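Participant: Supplied in C-alpha coordinates, the structure appears directly below.
The values are calculated or read from the model by the stated rules, or taken from the named source; none is laboratory data. Computed from a predicted model, the values in this text were never measured in an experiment. Using ideal geometry, Cβ is built from the backbone for each residue, glycine included, and neighbour counts are taken over all protein chains shown. In case anyone asks, the SASA skips ligands and DNA or RNA and just uses the protein heavy atoms, side chains included. Shrake-Rupley method; radii C 1.70, N 1.55, O 1.52, S 1.80 Å.
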Amino acid sequence: MANIHLQFRKGGPCPWKETSLIGIFSKVAYLASVRQLDIRGTIDTEMLSPKTEYAAYLVFKLVNRSSGFDSSKSSIRFVNYESEIDTENQANTVHLARFQESGDIPKMRGDGWMEVELGYFNSKKGSDGPVEARLFEKKHIYKRGLIVEGIEFRPK
(Lines give C-alpha, C1' and ligand atoms only; values in the text may rest on other atoms or scores of the structure.)
Protein backbone atom coordinates (compact mmCIF):
# COMPACT_ATOMS: atom_id res chain seq x y z
CA MET A 1 0.00 0.00 0.00
CA ALA A 2 1.35 3.41 -0.94
CA ASN A 3 2.12 5.99 1.72
CA ILE A 4 -0.84 8.31 1.31
CA HIS A 5 -2.67 11.01 3.18
CA LEU A 6 -6.39 10.59 3.74
CA GLN A 7 -8.38 13.76 4.06
CA PHE A 8 -11.81 13.67 5.65
CA ARG A 9 -13.93 16.73 4.88
CA LYS A 10 -16.32 17.68 7.60
CA GLY A 11 -18.37 20.49 9.04
CA GLY A 12 -19.03 20.95 12.73
CA PRO A 13 -17.87 18.29 15.20
CA CYS A 14 -15.51 15.67 13.79
CA PRO A 15 -17.54 12.60 12.70
CA TRP A 16 -14.37 10.46 12.40
CA LYS A 17 -12.64 8.64 15.23
CA GLU A 18 -9.16 7.22 14.97
CA THR A 19 -9.13 3.72 16.42
CA SER A 20 -7.06 0.55 16.43
CA LEU A 21 -8.07 -2.92 15.30
CA ILE A 22 -5.91 -5.45 17.10
CA GLY A 23 -3.98 -7.76 14.81
CA ILE A 24 -4.88 -6.02 11.55
CA PHE A 25 -3.67 -2.42 11.21
CA SER A 26 -2.32 -0.06 13.82
CA LYS A 27 -4.75 2.76 13.04
CA VAL A 28 -7.91 3.13 11.00
CA ALA A 29 -10.64 5.77 10.74
CA TYR A 30 -14.15 4.97 11.98
CA LEU A 31 -17.09 7.08 10.79
CA ALA A 32 -19.53 7.66 13.65
CA SER A 33 -22.16 9.68 11.75
CA VAL A 34 -22.14 12.28 8.98
CA ARG A 35 -24.51 13.63 6.33
CA GLN A 36 -21.98 14.36 3.56
CA LEU A 37 -18.96 12.19 2.85
CA ASP A 38 -15.68 13.26 1.24
CA ILE A 39 -12.62 10.98 1.47
CA ARG A 40 -9.46 11.79 -0.49
CA GLY A 41 -6.18 10.00 -0.91
CA THR A 42 -3.21 11.34 -2.83
CA ILE A 43 0.04 9.91 -4.10
CA ASP A 44 2.83 11.64 -6.01
CA THR A 45 3.43 10.25 -9.50
CA GLU A 46 7.18 10.11 -8.72
CA MET A 47 6.38 7.11 -6.48
CA LEU A 48 4.79 5.23 -9.41
CA SER A 49 6.28 3.34 -12.33
CA PRO A 50 6.13 5.47 -15.51
CA LYS A 51 3.80 4.58 -18.38
CA THR A 52 1.79 2.19 -16.23
CA GLU A 53 -1.97 1.96 -15.76
CA TYR A 54 -2.93 2.19 -12.07
CA ALA A 55 -6.19 1.82 -10.19
CA ALA A 56 -7.10 3.33 -6.81
CA TYR A 57 -9.10 1.25 -4.31
CA LEU A 58 -10.86 2.27 -1.12
CA VAL A 59 -10.05 -0.39 1.50
CA PHE A 60 -12.83 -0.52 4.11
CA LYS A 61 -15.24 -2.45 6.31
CA LEU A 62 -18.86 -1.77 7.20
CA VAL A 63 -20.07 -2.49 10.73
CA ASN A 64 -23.28 -4.51 11.26
CA ARG A 65 -25.51 -1.46 11.69
CA SER A 66 -23.99 0.68 8.97
CA SER A 67 -26.29 2.80 6.84
CA GLY A 68 -26.32 5.38 4.07
CA PHE A 69 -23.76 3.79 1.74
CA ASP A 70 -26.06 2.67 -1.06
CA SER A 71 -24.59 4.99 -3.69
CA SER A 72 -21.52 7.26 -3.73
CA LYS A 73 -19.38 8.95 -6.37
CA SER A 74 -15.69 8.43 -7.09
CA SER A 75 -13.14 10.28 -9.17
CA ILE A 76 -9.44 10.32 -10.06
CA ARG A 77 -7.59 13.46 -11.08
CA PHE A 78 -4.11 14.81 -11.68
CA VAL A 79 -4.19 17.69 -9.18
CA ASN A 80 -1.89 19.99 -11.22
CA TYR A 81 -3.86 19.57 -14.46
CA GLU A 82 -7.54 18.85 -13.73
CA SER A 83 -10.02 20.90 -11.76
CA GLU A 84 -11.98 19.42 -8.89
CA ILE A 85 -15.29 20.60 -10.41
CA ASP A 86 -14.62 18.97 -13.80
CA THR A 87 -13.75 15.62 -12.23
CA GLU A 88 -16.75 15.87 -9.88
CA ASN A 89 -19.05 16.29 -12.89
CA GLN A 90 -17.56 13.18 -14.54
CA ALA A 91 -17.55 11.01 -11.41
CA ASN A 92 -18.35 7.29 -11.41
CA THR A 93 -21.01 5.66 -9.24
CA VAL A 94 -19.78 3.15 -6.67
CA HIS A 95 -21.57 1.19 -3.97
CA LEU A 96 -20.09 0.22 -0.63
CA ALA A 97 -23.08 -1.97 0.26
CA ARG A 98 -22.91 -5.37 -1.46
CA PHE A 99 -26.56 -5.72 -2.50
CA GLN A 100 -26.42 -3.28 -5.43
CA GLU A 101 -26.78 -4.59 -8.98
CA SER A 102 -25.31 -1.69 -10.99
CA GLY A 103 -22.19 0.45 -10.70
CA ASP A 104 -18.95 -0.68 -9.12
CA ILE A 105 -19.53 -2.92 -6.11
CA PRO A 106 -17.03 -3.96 -3.44
CA LYS A 107 -15.09 -7.19 -3.45
CA MET A 108 -13.86 -9.14 -0.43
CA ARG A 109 -10.07 -9.23 -0.10
CA GLY A 110 -8.06 -12.12 1.29
CA ASP A 111 -7.18 -10.09 4.41
CA GLY A 112 -10.83 -9.71 5.49
CA TRP A 113 -11.23 -6.13 4.27
CA MET A 114 -13.39 -5.07 1.32
CA GLU A 115 -12.28 -2.89 -1.57
CA VAL A 116 -14.00 -0.93 -4.29
CA GLU A 117 -12.28 0.59 -7.31
CA LEU A 118 -12.47 4.39 -7.28
CA GLY A 119 -11.03 4.77 -10.77
CA TYR A 120 -7.92 4.31 -12.86
CA PHE A 121 -5.26 6.41 -14.59
CA ASN A 122 -2.05 6.13 -16.58
CA SER A 123 1.19 7.42 -15.08
CA LYS A 124 2.48 8.60 -18.44
CA LYS A 125 5.44 10.93 -18.67
CA GLY A 126 4.44 14.57 -18.27
CA SER A 127 1.79 13.86 -15.63
CA ASP A 128 3.90 15.00 -12.71
CA GLY A 129 2.64 15.95 -9.29
CA PRO A 130 -0.01 14.33 -7.13
CA VAL A 131 -2.87 12.10 -8.25
CA GLU A 132 -6.00 12.31 -6.09
CA ALA A 133 -8.50 9.48 -5.61
CA ARG A 134 -11.77 10.58 -4.06
CA LEU A 135 -14.98 9.05 -2.70
CA PHE A 136 -17.78 11.53 -2.02
CA GLU A 137 -21.50 11.69 -1.48
CA LYS A 138 -23.38 14.96 -1.05
CA LYS A 139 -26.91 13.74 -0.35
CA HIS A 140 -28.07 14.79 3.09
CA ILE A 141 -28.64 11.22 4.27
CA TYR A 142 -26.97 10.10 7.48
CA LYS A 143 -24.09 7.72 6.91
CA ARG A 144 -22.59 5.69 9.75
CA GLY A 145 -20.59 2.57 10.43
CA LEU A 146 -17.74 2.86 7.91
CA ILE A 147 -14.20 1.83 8.86
CA VAL A 148 -11.55 3.09 6.41
CA GLU A 149 -8.10 1.49 6.30
CA GLY A 150 -6.90 3.63 3.40
CA ILE A 151 -6.74 4.10 -0.34
CA GLU A 152 -4.48 1.71 -2.22
CA PHE A 153 -2.87 2.60 -5.57
CA ARG A 154 -1.66 -0.42 -7.54
CA PRO A 155 -1.00 -1.42 -11.16
CA LYS A 156 -4.16 -2.50 -12.96
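Participant: Taking LYS61, is it in contact with a helix residue (DSSP H, G or I) (Cβ under 9 Å, 6 or more places away or on another chain), open to solvent by 30 Å² or more (accessible area, probe 1.4 Å) and farther than 16 Å from SER127 by Cα?
Facilitator: no
Participant: Still on this structure: Can you tell me which residues in segment 130-145 are in contact with a Lys or Arg (Cβ under 8 Å, 6 or more places away or on another chain), open to solvent by less than 60 Å² (accessible area, probe 1.4 Å) and on the phi < 0 side of the Ramachandran plot?
Facilitator: Scanning segment 130-145 gives VAL131, GLU132, ALA133, ARG134, LEU135, PHE136, GLU137, LYS143.
Participant: Also: Name the single residue, out of those in segment 69-80 being touching a strand residue (DSSP E or B) at 6+ places or on another chain (Cβ under 7 Å) and open to solvent by 20 Å² or more (accessible area, probe 1.4 Å), that is nearest to LYS124 (Cα to Cα).
Facilitator: Selected residue: PHE78.
Participant: Restricting to segment 105-129, name every residue that is buried (at least 17 other Cβ atoms within 10 Å of the Cβ) and outside any loop (DSSP other than H, G, I, E, B).
Facilitator: Selection gives MET114, GLU115, VAL116, GLU117, LEU118, GLY119, PHE121.
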